[in-house]
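Nothing in this text is a laboratory measurement; each read-out follows from the coordinates by a stated rule. Keep in mind that what you see is a predicted model, and the values were worked out from it rather than measured. FYI the Cβ positions are ideal-geometry reconstructions off the backbone, even for glycines, and counts take in every protein chain you see.
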Amino acid sequence: MLQIQNSLCASICLGLRQLFAIEASDLSLQETKKEFEGTYTFVVFPYTKQAGMAPPMIAQKLGEFVQTDNNLVSGFQVVQGFLNLSLTEETWVSILAESLADTQAFQLAPKKETVLIEYSSPNTNKPLHLGHLRNNFLGYSVAQIMQAAGYEVIKTNLVNDRGIHICKSMLAYQLFGQGETPESSGTKGDHLVGKYYVAFDKAYKEEIETLKKAGKTEDQAKAEAPILVQAQAMLLAWEQQDPEVLALWERMNSWVFAGFEKSYAQMGVDFDKIYRESNTYLLGKQLVDEGLDQGVFYKKPDGSVWINLEAEGLDEKLVLRKDGTSVYITQDMGTAQLKYGDFGAKQSIYVVGNEQDYHFEVLFHILKKLNKPFSTGNFHLSYGMVDLPSGKMKSREGTVVDADDLMAEMVQTAKDRTLELGKIDGFSDEESNALFNQLGMGALKYFLLKVDPKKRMLFNPAESIDFQGNTGPFIQYTHARIKSIIRKATELNLNTTWAVGPTITLAAAEKELVYLVAQYKLKIEEAATQLAPSVIAQYVYDLAKEFNKFYNELSIINEEDETKQKIRLSLVELTGKTIQQAAKLLGVIVPERM
């Protein structure tokens, strides 16, 4: 389709030059709206002044020129300042033939460039929650899209396994745990550790209230609460390699990592390299020392180290506490250097929520001021938070929507809805359970990915699992329908392979489907450029919707004209493969049957 667009743009450029003496470049065509005739639309309004005539007249003259100049065009329609171009029957047949013959239909040419994509980035003081689901699905999908776009992709995960928040869970476990383990409690490891993070917050709030009653101000009470002072002392002991603290830290982290592994397996995401901040924060401190020597950073009288970014329109930023302990920015500096040393990637994409927009703006400025080779090509893929009808989540208060619980609930809902609709006749228990999982996870992934990453979104579990509308199950059901048609054709020994012969006239529904299938590579490029899985989600929904229109309007298996039957079966098969590949970019599995 790109070649066709380029050819049409070349004719339009020539027409503008010869008819109106207008030199134009970088022209773009739009998809013609459904209510009008045509495939591509060219907007002539920007050329009104130069041409010295009304937009409809410009469009009319330009349409006549292009139809004469370009043998791909069969006719045109003028709607005010819009020139709608229709393609010839030969062109449509050619598009279908090329799509069927394209052995690299689902993969763009190699770009010989490595891209690092960092996503997930959990803390080892609590289990994964709904926000992590959007992060993981988004990061994994962007990785799939970039890979399809021809990049070599490295998927990384930076686990925040150290710091004051980790010590809060550790201390609460020391105080209240009584030796409880995942095995003794029958609790998944990350959930068990998260339980003590909540316990710390409860005890901390109680101590604050006690201190306030004793005459302390709110700020004094928060700073002097004994349990917080103990947690801060534990962090210092950890950095000083205290054996007892390290042993507890390693033990509790091992519980969390085992829990994360199970969650990631259910999500269907993976990583090529997992970094831990416990291995990177010291490297960050070395960069702070370098920056002090270079005058990039400065030390305050209390010993804390800062950078002044007011000239960049930002603020002063702490990079090392007065007691010498690291902050997040310190660790991220170290990790950036470590990742570059490992892979030397020119691009590094950080998939992190938009509450960290300022943090990454500061980080990228710091790397540039340090004049590091990895200071360019960094991009923060910022995304909005996910809300539920019940409101905002707060992990420290135990009001988080747990990722494991939500995934299990989605699979159960898929099971209930599928049994209600009676879509699993003849399935074994194993096949049924696999289908419920595919539908539940497909619904969840698709719903979270179909929204532009930058937008805050409301997740509605009931809406996401619907078999009609813009949902994962609708797309999955469409694919299953396609596979059912192919199976039936095979059983009847029908030939699904069409060879190009004399030009035929395709029905409108066939043309719409051919057009969309041929758009696949353009959509990959668009999604990769924008780092937006929502582009692929909208595309695969449009494709599924168009297929169902095609299915309802035209006879396929029962078509008596053998050539038409072959064409339609070939198109059905190609559409099924395209839906499967597009869904794969979203991490969604489409069933063979339902």
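Taken one residue at a time, the phi angles of the range 475-490 give Karplus couplings (6.51, -1.76, 1.60, θ = phi - 60°) of 5, 5, 5, 4, 5, 4, 4, 4, 5, 5, 5, 5, 4, 5, 4, 5 Hz. Gly and Pro are set to x. Comparing Cα centroids, the range 49-122 and the range 546-594 end up 24 angstrom apart. Using the Cβ-Cβ distance between residue 68 and residue 315 with R0 set to 56 Å, the FRET efficiency from 1/(1 + (r/R0)^6) comes to roughly 0.35.
Compute the distribution of all C-alpha to C-alpha distances in the range 2-87, in bins of 10 Å from 0, and list the percent of pairs in each, rounded to whole numbers. Whole-percent P(r) values from 0 Å outward: 19, 59, 21, 1. Looking at the range 549-594, the GluC sites (Glu not before Pro) that sit in a DSSP loop and have at most 10 other Cβ atoms within 10 Å of their own Cβ are 560. Applying the Karplus relation 6.51 cos²θ - 1.76 cosθ + 1.60 with θ = phi - 60° to the range 112-117 yields 3J(HN,Hα) values of 6, 9, 9, 10, 9, 10 Hz, where x marks Gly and Pro.
Under the combined filter of DSSP loop state and at most 13 neighbouring Cβ atoms within 10 Å, the range 1-48 retains these chymotrypsin sites (Phe, Trp or Tyr not before Pro): 36.
So how do 372-382, 404-414 stack up, highest first, on mean other-Cβ count within 10 Å? All intermediate terms of the calculation are to be shown ahead of the outcome.
Details: 372-382: 16.4, 404-414: 18.1.
Averaged packing, sorted descending, gives the order 404-414, 372-382.
Relative contact order of the chain, taken over Cα pairs closer than 8 Å and 6 or more residues apart, is 15 percent. When restricted to Cα atoms, the range 516-594 yields an Rg and a Dmax of 14.1, 45 Å, respectively. Cross-link reach is defined here as a Cα-Cα straight distance under 26 Å, omitting same-chain residues fewer than 8 places apart; for residue 300 the lysines meeting it are 222, 285, 317, 322, 368, 369, 372. For residue 276, the residues whose modelled amide H falls within less than 5 Å of its own, excluding neighbours fewer than 5 places apart on the same chain, are 159.
A dipole drawn for the range 403-585 from +1 and -1 charges on Cβ atoms has a positive end, and of 552, 457, 468 the residue lying farthest that way is 457.
Just the number, please: percent antiparallel of the DSSP beta bridges in the range 75-205, rounded to the nearest 5.
Given both bridge residues lie in the range 75-205, the antiparallel proportion sits at roughly 45 percent.
Count Lys and Arg as plus one, Asp and Glu as minus one, and take only other residues whose Cβ is under 15 Å from that of residue 211; the net charge is then -1. For the range 403-585, the spread of Cα positions along the three principal axes, ordered from largest to smallest, is 57, 44, 22 Å.
At a Förster distance of 25 Å, what's the computed FRET efficiency of residue 266 paired with residue 387, Cβ-Cβ distance as r, to 0.05? Once rounded, the FRET efficiency stands at 0.65. Note that the range 165-179 has calculated 3J(HN,Hα) couplings of 5, 5, 5, 4, 5, 5, 5, 4, 5, 4, 7, 10, x, 6, x Hz, one per residue in order, obtained from phi through the Karplus relation 6.51 cos²θ - 1.76 cosθ + 1.60 (θ = phi - 60°); glycine and proline are x. Across bins of 10 angstrom width beginning at 0, how are the C-alpha pair distances of the range 40-93 distributed, in whole percent? Over the range 40-93, the share of Cα pairs per 10 Å bin runs 28, 50, 19, 4 percent.
For trypsin sites (Lys or Arg not before Pro), the sites in the range 137-223 that DSSP calls loop and that have at most 16 other Cβ atoms within 10 Å are 216. You can think of it this way: the chain between residue 80 and residue 289 has 68.7 nm of extra reach, that is 0.36 nm per residue less the Cα-Cα gap.
Would you please give the FRET efficiency between residue 98 and residue 430, computed as 1/(1 + (r/R0)^6) with r the Cβ-Cβ distance and R0 = 41 Å, to the nearest 0.05?
Approximately 0.50, to the nearest 0.05.
Each residue, residue 503 and residue 416, gets one label point 7 Å from its Cα in the Cβ direction; the gap between the two is 5.7 nm. When both bridge partners sit in the chain, DSSP labels roughly 50% of those beta bridges antiparallel. Between amide H atoms placed 1.01 Å from N, distances below 5 Å from residue 73 occur with 88, all of them 5 or more places distant or on a separate chain. Placing unit charges on the Cβ atoms only, positive for Lys and Arg and negative for Asp and Glu, gives the chain a dipole magnitude near 540 debye about its Cα centre. The structure-derived value of P(r) over Cα pairs in 10 Å bins from 0, in percent appears in the list [x] 3, 16, 24, 25, 19, 9, 3, 1, 0, 0; [y] 3, 14, 20, 22, 17, 12, 8, 4, 1, 0; [z] 3, 17, 29, 28, 16, 6, 1, 0 under the label [y].
Of the residues 340, 353, 253, the one whose Cα sits farthest towards the positive end of the charge dipole of the range 205-364 is 253 (charges of +1 on Lys and Arg Cβ, -1 on Asp and Glu Cβ, taken about the Cα centre).
Rounded to the nearest 10 degrees, the inclination of helix 243-267 to the longest alpha-carbon principal axis of the chain is 20 degrees.
Each part gets one Cα centre, and for the range 416-481 versus the range 495-515 those centres are 31 Å apart. The lysine pair count for the range 9-127, using Cα distances under 29 Å and pairs eight or more places apart or on different chains, is 4.
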